[in-house]
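The structure appears below as structure tokens.
The values are calculated or read from the model by the stated rules, or taken from the named source; none is laboratory data. As the structure is a prediction and not an experimental result, all values here were calculated from the model. Cβ: placed from backbone, ideal geometry, glycine included. Neighbour counts: every protein chain shown.
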Amino acid sequence: MALLFAGNAALSIYHSGVEWKIFAGPSDCSGPLSSASSMDDFMKQLQSVKVVRCDEPTLRVLGLTLANWNVVITAALAWAATMGAVRSR
């Protein structure tokens with residue numbers, strides 16, 4: 001469990017870095033596309049899809065973005081899981 005939480009914290013650090021413009025984010029941050037039955041339908045769908053930006057947080061709670069909170073929470077959970085594993089030995 002500690003490794004899973006630590007991995008999640010690492011991914012959250014990357015996401016936080018993208019939001020703070022420390023790291024370059026993925027170039028394909030976009031919403032899901034459903035399959036279109038024809039090329040015309042596909043072109044119409046492309047016109048109406050709103051791209052969700054990975055580098056601009058939409059919500060802050062107490063000054064931190066959700067990715068920042070994910071770092072804090074998963075790092076604490078990784079620490080707690082590690083301490084639990086050490087004490088159970």
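A compact table of results
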{"quantity": "Test: residue in the stretch 2-19 that is modelled with pLDDT under 90 and not in a helix (DSSP H, G or I)", "calculated": "no"}
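Each row is one residue, and each column tells you yes or no for (1) at pLDDT below 80; (2) surrounded by 13 or more Cβ atoms within 10 Å (Cβ to Cβ).
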| site | (1), (2) |
| --- | --- |
| LEU46 | yes, no |
| VAL51 | yes, no |
| ASP55 | yes, yes |
| ARG60 | no, no |
| GLY63 | no, no |
| LEU66 | no, yes |
| TRP69 | no, yes |
| ALA80 | no, yes |
| ALA85 | no, no |
